[in-house]
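Below is one structure, written out as structure tokens, with a few remarks after it.
The values are calculated or read from the model by the stated rules, or taken from the named source; none is laboratory data. Nothing here was measured: the structure is a model prediction, and the numbers come from that model. Here the Cβ is made from the backbone with ideal geometry for all residues, glycine too, and neighbour counts use every protein chain on show.
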Amino acid sequence: MLRKACLLLHAMISLALASPSLSASFYVSQSVPASGDGTSWETAFKTIAEGIESTESGDEVIVAEGTYIETVDFSGRNITVRSSDPENPSVVASTVIEVFGSSEVVRFWSGEAREAILAGFTISAGQTGVSCAESSPVIRRNVIVANTAEFDKGGGISCYYASPLVEDNTIAANRASQGGAGIACERGRPVIRRNLLIRNVSDADGGGILLVNSTAHVSHNRIIANSAADDGGGVLCLNSHAEILNNLIASNRAGVGGGLFIGDSSTVTLTGNTVVANSSLSGAGGVHLSLSSGTVRNCILWANGDDLAGATATYSCIENPDDSGEGNIHDDPRFADPDGPDNLLGTQDDDYTLAQDSPCRDSGFTPAAMPLQIAQTPTHFVLSWDPGRDLAGMARISGAAVDIGAYEYQDSSPLYLLESSQDMIRWWSAYLGEDTSASVSDSPDDRRSFFRASVQTPVPGAPARSRTFGPLVPMPSHNQITF
């Protein structure tokens with residue numbers, strides 16, 4: 001009997017350990033007369049801090065619309081704290097956290113991981129909007145506005161030995177006396193993507209983003225009308241390694257490097273960016289490298305005064321004809337509407353997508369190894385390019401080759417159908433209605449076919465374009481093919 005009881009207890013313990021714990025939701029609302037147990041809107045807590053104190057890892061705190069004057073400290077908890085609808089801009093605008101003083105509005109100071117998520121708030125009137133130290137949280141879909149870092153870095157977001165994921169936020173009108181008015185990261189590994197950073201002001205360096213002794217991925221952001229008294233109006237990198245991809249960096253200004261300043265032995269890769277209408281008092285108004293190394297490819301650098309200093313661009317549209325790197329063009333990029341409907345440069349409605357007659361279309365460097373997605377039907381293989389997305393979230397290759405700049409001009413979808421037979425593969429370009437043939441040779445074991453193809457893609461009113469796929473490669477049995 002004792003042995004059976006022990007076995008039953010062991011089984012119950014094993015089942016408990018194997019079963020994932022159920023997460024709980026706690027509610028916060030200012031409309032309740034007094035704090036309850038937080039388990040429903042009717043019994044909600046009145047403060048966000050009470051909600052956090054009740055949680056365990058994996059729980060969430062849901063906050064009703066209202067203005068909450070308090071400092072929100074995650075206190076090491078890997079939880080989600082969110083508004084009632086982070087996807088709704090009006091809810092985000094109406095769910096406000098403020099402190100009106102020298103404190104941070106939100107703190108991640110206790111080793112929080114990626115499971116710690118802040119989403120859907122307007123965060124304002126603090127020394128810093130969101131402060132991260134030795135943590136790796138997610139900061140998503142917030143409006144971080146009008147915070148002021150007196151005698152410090154990082155008005156909007158401050159990171160020290162931290163590796164946050166910062167995505168889909170608006171970071172606007174913040175100020176910092178020591179640099180990094182929008183975002184300041186020191187000794188961290190941040191991922192900064194799909195944000196709008198606009199009208200942030202630094203009394204020192206780095207109006208939009210400041211990276212110091214960091215390794216960063218900065219992609220798909222709009223960095224507009226930020227300013228720095230010293231270097232790097234849009235972005236400043238010091239002794240850092242950064243991949244800077246598919247960003248619009250426009251109408252920023254600084255002492256040196258109105259768009260970007262790269263210094264102090266930094267190493268950067270700039271690919272597919274539009275760097276336009278930035279200005280500086282000296283040096284390059286677009287991209288200025290000092291004692292650093294950088295690769296600049298597939299970028300538009302235009303109307304910045306001196307567009308580029310300290311590096312050579314390739315396959316880029318650059319105004320200065322003396323910048324004669326391989327594949328560069330020097331013709332007007334012909335944007336759709338660069339000053340937007342309000343006819344003012346440096347505002348949120350500026351449209352730097354490419355016009356139909358832009359020389360930047362299909363003029364970028366397209367790697368020889370290009371991943372394609374492949375799906376098999378009973379009679380066809382259906383393939384399409386999947387090299388990533390542009391700044392607008394659209395397919396990055398829409399024509400014969402990648403476009404220069406942050407935006408890809410959208411032809412109809414470049415979808416191809418492969419119909420396999422004994423001796424021939426036929427290709428159809430769905431957006432041109434043309435077909436191309438390619439001969440096939442079998443592999444020695446007769447289990448896979450090999451092929452090459454050339455697709456001609458003339459566009460009405462534009463020069464003929466072509467893309468040759470090769471060399472001979474095996475037809476894969478898995479879900480991706482590489483040319």
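What's the number of the condition Ser136 fails, among (1) surrounded by fewer than 24 Cβ atoms within 10 Å (Cβ to Cβ); (2) assigned to a strand (DSSP E or B)?
It fails just one condition, (2).
Considering only residues of region 307-331 that are more than 27 Å from Gly393 (Cβ to Cβ) and of a type in the set (Gly, Ala, Ser), which is surrounded by the fewest Cβ atoms within 10 Å (Cβ to Cβ)?
Ser324
All but one of (1) over 19 Å from Val61 (Cα atoms); (2) of a type in the set (Val, Ile, Thr); (3) crowded, with 22+ Cβ neighbours inside 10 Å hold for Val130, so report the exception by its number.
(1)
Every residue in region 50-68 that is surrounded by fewer than 20 Cβ atoms within 10 Å (Cβ to Cβ), of a type in the set (Gly, Ala, Ser) and touching a strand residue (DSSP E or B) at 6+ places or on another chain (Cβ under 8 Å), please.
Scanning region 50-68 gives Ser54, Ala64, Gly66.
Mind listing whichever residues of region 43-88 are part of a loop (DSSP other than H, G, I, E, B), among the charged types (D, E, K, R) and closer than 19 Å to Val130 by Cβ?
Glu70, Arg77
If you go through region 333-354 one residue at a time, do you hit one that is more than 22 Å from Arg222 (Cα to Cα) and either surrounded by 15 or more Cβ atoms within 10 Å (Cβ to Cβ) or charged (D, E, K, R) (or both)?
no
Take Tyr431 and tell me if it is surrounded by 15 or more Cβ atoms within 10 Å (Cβ to Cβ), touching a Ser or Thr at 6+ places or on another chain (Cβ under 7 Å) and at pLDDT below 50.
It is true that Tyr431 is surrounded by 15 or more Cβ atoms within 10 Å (Cβ to Cβ), touching a Ser or Thr at 6+ places or on another chain (Cβ under 7 Å) and at pLDDT below 50.
Suppose the filter is in contact with a Ser or Thr (Cβ under 6 Å, 6 or more places away or on another chain), at pLDDT 95 or above, assigned to a strand (DSSP E or B) and not basic (Lys, Arg); does Val91 pass it?
It is false that Val91 is in contact with a Ser or Thr (Cβ under 6 Å, 6 or more places away or on another chain), at pLDDT 95 or above, assigned to a strand (DSSP E or B) and not basic (Lys, Arg).
Does any residue of region 128-149 turn out to be of a type outside the set (A, V, I, L, M, F, W, C) and modelled with pLDDT under 95?
No: region 128-149 contains no residue that is of a type outside the set (A, V, I, L, M, F, W, C) and modelled with pLDDT under 95.
Evaluate region 283-306: report whether one residue or more is surrounded by 21 or more Cβ atoms within 10 Å (Cβ to Cβ), free of Cβ contacts under 8 Å to residues at least 24 places away in the same chain and closer than 25 Å to Thr353 by Cβ.
The answer is no, given that none of the residues of region 283-306 is surrounded by 21 or more Cβ atoms within 10 Å (Cβ to Cβ), free of Cβ contacts under 8 Å to residues at least 24 places away in the same chain and closer than 25 Å to Thr353 by Cβ.
What are the pairs with Cβ atoms under 6 angstrom where one residue, in region 221-246, is on the phi > 0 side of the Ramachandran plot and the other, located anywhere, is of a type in the set (Ser, Thr, Tyr) and part of a strand (DSSP E or B)? Sequence gap at least six, or different chains.
From residues that are on the phi > 0 side of the Ramachandran plot, the pairs are Asn246/Ser219.
Criterion first (at pLDDT 80 or above and not β-branched (Val, Ile, Thr)) does Gln348 satisfy it?
Judged against the criteria, Gln348 is a match.
Residues that are under 19 Å from Gly208 (Cα atoms) and in contact with a Ser or Thr (Cβ under 8 Å, 6 or more places away or on another chain): list the strands (runs of 3 or more DSSP E) wholly contained in region 263-309 that include at least 3 such residues.
Output list reads 267-271.
Among the candidates Ile117, Ile157, single out the residue that is of a type in the set (Val, Ile, Thr) and under 24 Å from Asn247 (Cα atoms).
On inspection, the qualifying residue turns out to be Ile157.
I'd like the full set of residues that are crowded, with 24+ Cβ neighbours inside 10 Å, within 11 Å of Val105 (Cβ to Cβ) and of a type in the set (Val, Ile, Thr), limited to region 139-165.
The answer is Ile144, Ile157.
Among the residues in region 270-280, are any over 25 Å from Arg193 (Cβ atoms) and either buried (at least 24 other Cβ atoms within 10 Å of the Cβ) or modelled with pLDDT of 95 or more (or both)?
Yes - at least one qualifying residue is present in region 270-280.
So how many residues does region 139-179 have that are in a loop (DSSP other than H, G, I, E, B) and in contact (Cβ under 8 Å) with a residue 40 or more places away in the chain?
Counting residues in region 139-179 that are in a loop (DSSP other than H, G, I, E, B) and in contact (Cβ under 8 Å) with a residue 40 or more places away in the chain gives 12.
Quick check on region 89-113: of everything there that is under 21 Å from Thr128 (Cβ atoms), of a type in the set (Ser, Thr, Tyr) and surrounded by fewer than 19 Cβ atoms within 10 Å (Cβ to Cβ), which residue is farthest from the chain's Cα centre (by Cα)?
Ser102
Select, from Thr71, Thr39, Thr47, the only residue that is surrounded by fewer than 21 Cβ atoms within 10 Å (Cβ to Cβ), of a type in the set (S, T, N, Q) and farther than 18 Å from Arg107 by Cα.
None of the other options fit; the residue is Thr39.
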